[in-house]
Amino acid sequence: MNIKSMEQAKAYVRNIQCDQAKELLRKCKGNNKFHIIDTRDREMYKSGHLKGAILMDVYKYDLSKGLKYLPKDEIYLVYCTAGIRSSEAISIMQHMGFKHIYHLEHGLESCNIQEGELV
């Protein structure tokens, strides 16, 4: 594999803030190639999560087993409460070859979430 093809194979990971995440959610609404991954535990997820988010508790779940069923060339928004769990999940996703990842860098606690944005 030459350098150019190695660079093309690298994942695109962009750390984003709350306002950028809200804009991404708005732009990708209805796009079936856009996925949201919540890496918190089940109780945190039940207390409120982004609409359409897939629960993948990074500490309780073998993430690589669940991720292997997801298309690697689609777009993912990955988040947790503060950005720690999601960072771990993104590391696994990069290793597995996922190409387009947006990371809510400081998690949901950094956001002023409005009524209706969480379910």
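Counting pairs of alpha carbon atoms under 8 Å apart in space and at least six apart in sequence, what relative contact order in percent does the range 9-110 give?
Relative contact order, the range 9-110: 38 percent.
Residues with amide H under 5 Å of residue 37's amide H, sequence separation 5 or more or different chain, H placed in the peptide plane at 1.01 Å from N; which?
Residues meeting the criterion, in which the H sits 1.01 Å from N, are 54, 77, 78, 79.
Which of the residue pairs 22/60; 27/65; 60/99; 68/99; 65/99 have a Cα-Cα distance greater than 20 Å in the structure shown?
Numbers: 22/60 28 Å; 27/65 29 Å; 60/99 24 Å; 68/99 13 Å; 65/99 18 Å.
Flagged as over cut-off: 22/60; 27/65; 60/99.
Based only on other Cβ atoms within 10 Å, what is the fewest-to-most ordering of 19, 38?
Least to most surrounded, the residues fall as 19, 38.
Quick check on the exposure proxy: order 54, 75 from fewest to most C-beta atoms within 10 angstrom.
54, 75
Could you check what % of the DSSP bridge pairs in the range 9-110 are antiparallel, to the nearest 5? Walk me through the numbers on the way to the answer.
Numbers: 0 of 17 bridges.
Counting DSSP beta bridges with both partners in the range 9-110, the antiparallel share is about 0 percent.
Counting other C-beta atoms within 10 Å, which of 13, 78 has the fewest, and how do the rest follow?
Exposure proxy ranking, most exposed first: 13, 78.
Per residue, how big is the convex hull around the C-alpha atoms of the range 9-110? Give it to me in cubic angstrom, could you?
With only Cα atoms used, the range 9-110 gives 88 Å³ per residue.
Each reported figure results from applying straightforward, stated rules to the coordinates on display, with no laboratory input. Every value quoted in this text rests on a predicted model; they were computed, and no experiment measured them. FYI the Cβ positions are ideal-geometry reconstructions off the backbone, even for glycines, and counts take in every protein chain you see.
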